[in-house]
Amino acid sequence: NDQRAIRVQNNAQGAKAVNMMSFGLGMIILVIGFGTLIAGIVGISNIMIFIVKERTKEIGIRKALGASPRSIVSIILLESIIITTIAGYIGLLVGVGVLELATPILEDYFIKDPGVSNTLVIGATITLVLAGTLAGYVPAKRASRIKPIVALRDD
């Protein structure tokens, strides 16, 4: 009750609570991010299966003219990687645009100069290429097993 006494405040408990909250939010964001990535891989894979089905005759002609299964796989994988990378970069640009629009609002909450690091962009690019490869692998393998005579006969 003495108003003239020295006050000591221990911020360790408050810092521990904030760190635990930050860790929890980080884990939630990680789970949501992986879920979104898996949903994207499944979506791109379905698109690639449809593309392979639509291009069955083209693949049959390529194989009849001597294309190796490896070249068929590389064509489908390259297309899958390009689709994934373009969609990912569009998402990255939209995210950076939203962050730029939100910067004045965030300054009211003492968040100064928010941005995206180059390391994050490089990591996202590597993740996009790996996701595109993973999404296109099964359809590419299926396309490489198409028999030319069956593909040319298929309607």
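Of all the criteria given as (1) modelled with pLDDT under 90; (2) open to solvent by less than 50 Å² (accessible area, probe 1.4 Å), the one not satisfied by Val73 is (1).
Going residue by residue through segment 2-16, is there one that turns out to be open to solvent by 50 Å² or more (accessible area, probe 1.4 Å), at pLDDT 90 or above and aliphatic (A, V, I, L, M)? Within segment 2-16, not a single residue is open to solvent by 50 Å² or more (accessible area, probe 1.4 Å), at pLDDT 90 or above and aliphatic (A, V, I, L, M). Ala67 meets all of the listed conditions (1) open to solvent by 60 Å² or more (accessible area, probe 1.4 Å); (2) not in a helix (DSSP H, G or I) but one, namely (1). Looking only at residues of segment 88-102 that are open to solvent by less than 60 Å² (accessible area, probe 1.4 Å) and without any contact (Cβ under 8 Å) to a residue 40 or more places away in the chain, we find that the one that is nearest to Leu120 (Cα to Cα) is Leu92.
Entry remark, segment 103-153: residues being touching a residue at least 12 places away in the same chain (Cβ under 8 Å), outside any helix (DSSP H, G or I) and under 27 Å from Ile83 (Cα atoms) number 5 in total.
For segment 100-110, indicate whether the set of residues that are modelled with pLDDT under 85 and aromatic (Phe, Trp, Tyr) is non-empty. Yes.
The values are calculated or read from the model by the stated rules, or taken from the named source; none is laboratory data. This structure is a prediction, so every number in the text was calculated from the model and none was measured. Cβ atoms come from the backbone with ideal geometry, glycine included; neighbour counts cover every protein chain shown. Note: accessible area is taken over every heavy atom of the protein model, side chains too, but ligands, DNA and RNA are not part of it. Shrake-Rupley method; radii C 1.70, N 1.55, O 1.52, S 1.80 Å.
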